[in-house]
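The values are calculated or read from the model by the stated rules, or taken from the named source; none is laboratory data. As the structure is a computational prediction, the values presented were derived from the model and not from experiment. As a convention, Cβ positions derive from the backbone with ideal geometry for all residues, glycine included, and neighbour counts pool all protein chains shown. Calculation scope for accessible area: heavy atoms of the full protein, side chains included, ligands and nucleic acids excluded. Shrake-Rupley method; radii C 1.70, N 1.55, O 1.52, S 1.80 Å.
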Amino acid sequence: MERVTFGVLGPLVAEGDGRVLALKGPRHRAVLARLLVARRRVVPAGRLVADLWEEPPDGALGAVQTFVGALRRALEPDRPPRAPARLLVTEGPGYALRPEPDAVDAWRFEAAVAEAERLPPAAARARLEEALDLWRGPAYADFAAEDWARGEHSRLTELRLRAVERRARAVLDLGLAAEAVPDLDAHLAEQPWREDAWGLLALALYRSGRQGDALAALRRARTALAAELGLDPGPELRRLERDILHQDPRLDPPREPSSAAARLWTEAASAYDRTVGDGARARLEATVALIRSLAVTGGGGLEAARRHRMEAVAAAEEYGDPELTARVIGAYDVPAIWTRADDPEQARQLVEAAVRTLAALPEGAHDATRARLLATIALESRGTRSPRGPRAAREAERLARRLDDPALLAFALNCRFMQSCVRAGLAPERDAIGAELLALATRHNLVTYEVLGHLIRLQARGALGDFPAADAHAAAIDRLSERHELPLAGVFTQWYRAMRPTGEEGTSEEADSEAAFRAAAARLDGAGMPGLERGLLPLALLGARLRRWARSSPAGRVGAELPAVDLDEDWGPYRPWAEALALASTAEAGAAAPALRALPEPPADLLYEALCCLEAAAALATGDRPTLVRARARLLPAAAERAGAGSGLLDFGPVRDYLDVIDAVLGDSP
């Protein structure tokens, strides 16, 4: 079957092996364009009729079928008679066009613009110029006035305008301000209401030594915006005008990259572009490798990786090649320490994609491919109580050990760790996982997994009250993160030091503890880990107060005053437990009891024991025996551990303190 490509960034065209295909009349072309607008989705035949005619004639449905038949002959001239179509297919009530993701110029353009966002300036400029060269005229030029094409025409037009501006930004970032001026001038002659473009033009003029022209450009912007939209310039343009008047140093051009690493990145990216060209599959797999690297940088990198990861998986699935999809899914073996997903909906989608791909793999698929999919299922199921997660983790580990693949085994051990919070008292098991992972990673120079091994052991030793050992792991983490530029690791060690008990009784002064927690929270802000961040600070501050409450004598604990709970704080996923404690602290046992009994079992994560202790404290304050019985049963396996300290982030004190109070209230037989 010859490869067919489509052009919609201008008049509609279809090409097969470099020759333009004859598409017959205008309605044939309209059907093809309408199916391209649908982006591989099915368009019902009735919808096609309604889109082609304002008042459909008799026999319109038959005419559509005729158009489709003629298009199939044009697009697949070598298809044998009665063989099923592979490009323009009949599906359900209508038709779908199923070109490869790189076979439509608009789709290649979108992918290139998205890729440019992740590239350094020189490579981004080159990629954007290639993308903009795809345009031969207005998008869907033959059909831009049609209702069904108008939205896609507008969307692509806006994306092109943003690409022009993004290219200008790349030119500015390269220190080539004068080169950006002509293109921006031409751009604004056609689009005078683009505030971002006016800002870029003024900055380019200023950096070219033309301060007066830069201010004149901003005055032109003010006039154009007033004439076109009746608006004054926005705050960004007003701030830029003020900064130009004051010659603010922040407006100066960036210094030329001087490091060998920066030059190497730019040269390698350009060489890759020349070598790979438009090889979409190769680009997709290379993009996943970049996404993986971004994820360990923290902050914007981690957020960008999370945002683009699902896009890469969806793009891979469009090829209908399960082995390609498996490679794209399984390549994201980024070490993970927090047992709660940052984006639960995306995690669910990734699990579903991995399950689909696992089922679609051919009989002879390599076990390593299966193991990576299973590991992904286990990792993305973390914090849930789905039995699929632990099963997938065990099978991934079994396959990795049999294959004797160190990197794969490290990934599988990470996933087993993620599934090691199904009940209380499992810190010794996590410590053993961390020890094996640390030894494996050190032996095979898997640096990010070496850091993960130390982090797991820091948490586990903290849960077991062995703070000197936890301190040693924290120091090792800091050394590795500084040497290998892994900033996220330092976020965890700072939180650990904020929560670490001090003094003979294992408690910190409250004021010092609160200040340390708030400093740690400030560093977490913007680190790109919402699943960790939300609700953590108020929970940590509450834990510091609650452990003193639990350490008091068990006698007379029922009705004793609880630490205050401010429900105006963002408690995130911990709000149900905070609300139950707040009700109990008002001594309104009647109102607290239903809330306590309605509490779900805490999620299967590193704060399981801490939330059980919150539940126990509320039940102790109200004398709710059924809840105390439930809390005691859950906490008993962790009697030798410290509640919450297994997270390495907060500490509610020894679980034994809570159990002693519960036992004193319940008596010998709960």
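Checked against (1) surrounded by fewer than 22 Cβ atoms within 10 Å (Cβ to Cβ); (2) farther than 24 Å from R385 by Cβ; (3) touching a residue at least 60 places away in the same chain (Cβ under 8 Å), V451 meets all criteria but (1).
Looking at the stretch 418-439, which of its residues are under 20 Å from A407 (Cβ atoms), open to solvent by less than 20 Å² (accessible area, probe 1.4 Å) and either touching a Gly at 6+ places or on another chain (Cβ under 8 Å) or among the aromatic types (F, W, Y) (or both)? Of everything in the stretch 418-439, those that are under 20 Å from A407 (Cβ atoms), open to solvent by less than 20 Å² (accessible area, probe 1.4 Å) and either touching a Gly at 6+ places or on another chain (Cβ under 8 Å) or among the aromatic types (F, W, Y) (or both) turn out to be M418, G434, L437. Of all residues in the stretch 321-357, exactly one satisfies the criterion of being in contact with a Phe, Trp or Tyr (Cβ under 8 Å, 6 or more places away or on another chain) and either basic (K, R) or more than 23 Å from L532 (Cα to Cα) (or both), namely T325. Looking only at the stretch 395-417, residues that are in contact with a Phe, Trp or Tyr (Cβ under 9 Å, 6 or more places away or on another chain) and crowded, with 23+ Cβ neighbours inside 10 Å come to 6 in all.
Can you tell me which residue within the stretch 5-63, out of those that are free of Cβ contacts under 8 Å to residues at least 12 places away in the same chain and in contact with a strand residue (DSSP E or B) (Cβ under 8 Å, 6 or more places away or on another chain), is most open to solvent (accessible area, probe 1.4 Å)? That would be V20.
With the structure loaded, tell me whether R632 is closer than 25 Å to E514 by Cα, without any contact (Cβ under 8 Å) to a residue 60 or more places away in the chain, open to solvent by 30 Å² or more (accessible area, probe 1.4 Å) and part of a helix (DSSP H, G or I) or whether it fails that test. Spelling it out, it is not the case that R632 is closer than 25 Å to E514 by Cα, without any contact (Cβ under 8 Å) to a residue 60 or more places away in the chain, open to solvent by 30 Å² or more (accessible area, probe 1.4 Å) and part of a helix (DSSP H, G or I). Just to be sure, is D243 under 37 Å from the mean Cα position of the chain (by Cα), among the charged types (D, E, K, R), outside any helix (DSSP H, G or I) and surrounded by fewer than 17 Cβ atoms within 10 Å (Cβ to Cβ)? Considered against the rule, which asks whether it is under 37 Å from the mean Cα position of the chain (by Cα), among the charged types (D, E, K, R), outside any helix (DSSP H, G or I) and surrounded by fewer than 17 Cβ atoms within 10 Å (Cβ to Cβ), D243 comes out as no. Determine if the stretch 422-433 includes at least one residue that is small (G, A, S), at pLDDT 95 or above and part of a loop (DSSP other than H, G, I, E, B). Yes, the stretch 422-433 contains a residue that is small (G, A, S), at pLDDT 95 or above and part of a loop (DSSP other than H, G, I, E, B). Out of curiosity, is A144 among the hydrophobic types (A, V, I, L, M, F, W, C) and open to solvent by less than 20 Å² (accessible area, probe 1.4 Å)? Criteria not met by A144. The stretch 457-539 holds helices (runs of 4 or more DSSP H) entirely within its bounds, and those carrying 2 or more residues that are modelled with pLDDT of 95 or more, buried (at least 16 other Cβ atoms within 10 Å of the Cβ) and over 27 Å from the mean Cα position of the chain (by Cα) map to 467-484.
For L599, the requirement of being modelled with pLDDT of 90 or more, outside any helix (DSSP H, G or I) and crowded, with 18+ Cβ neighbours inside 10 Å is met.
So, in the stretch 307-350, of the ones that are among the charged types (D, E, K, R) and outside any helix (DSSP H, G or I), which residue ends up farthest from R430 (Cα to Cα)? Among them, the one singled out is D321.
For every residue, the table says whether it meets (1) β-branched (V, I, T); (2) assigned to a helix (DSSP H, G or I); (3) free of Cβ contacts under 8 Å to residues at least 60 places away in the same chain.
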| position | (1), (2), (3) |
| --- | --- |
| D102 | no, no, no |
| A106 | no, yes, no |
| E110 | no, yes, yes |
| V113 | yes, yes, yes |
| R125 | no, yes, yes |
| E130 | no, yes, no |
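Picking from V8, V68, which residue would you name as being closer than 17 Å to A139 by Cα and touching a helix residue (DSSP H, G or I) at 6+ places or on another chain (Cβ under 8 Å)?
Working: V68 fails: closer than 17 Å to A139 by Cα.
It is V8.
Every condition in (1) open to solvent by 20 Å² or more (accessible area, probe 1.4 Å); (2) touching a Pro at 6+ places or on another chain (Cβ under 9 Å); (3) at pLDDT 90 or above is met by R219 except one, and the failing one is (2). Inspect the stretch 62-82 for any residue being under 28 Å from the mean Cα position of the chain (by Cα) and outside any loop (DSSP other than H, G, I, E, B) and give the result as yes or no. Checking the stretch 62-82: not a single residue is under 28 Å from the mean Cα position of the chain (by Cα) and outside any loop (DSSP other than H, G, I, E, B). Yes or no: A392 small (G, A, S) and assigned to a helix (DSSP H, G or I)? For A392, the condition - small (G, A, S) and assigned to a helix (DSSP H, G or I) - is met. Applying the set (1) out of contact with any Leu (no Cβ under 6 Å at 6 or more places or on another chain); (2) open to solvent by less than 40 Å² (accessible area, probe 1.4 Å); (3) closer than 26 Å to F492 by Cβ to P637 leaves exactly one unmet item: (2).
Restricting the stretch 640-665 to residues that are of a type in the set (A, V, I, L, M, F, W, C) and open to solvent by 10 Å² or more (accessible area, probe 1.4 Å), the residue that is nearest to A519 (Cα to Cα) is A640.
Does at least one position in the stretch 162-175 carry a residue that is surrounded by fewer than 20 Cβ atoms within 10 Å (Cβ to Cβ) and either among the small types (G, A, S) or within 17 Å of A33 (Cα to Cα) (or both)? Checked the stretch 162-175: at least one residue is surrounded by fewer than 20 Cβ atoms within 10 Å (Cβ to Cβ) and either among the small types (G, A, S) or within 17 Å of A33 (Cα to Cα) (or both).
From A141, A168, A149, which residue is of a type in the set (A, V, I, L, M, F, W, C) and more than 28 Å from L12 (Cβ to Cβ)?
Working: A141 fails: more than 28 Å from L12 (Cβ to Cβ); A149 fails: more than 28 Å from L12 (Cβ to Cβ).
When all the criteria are applied, what remains is A168.
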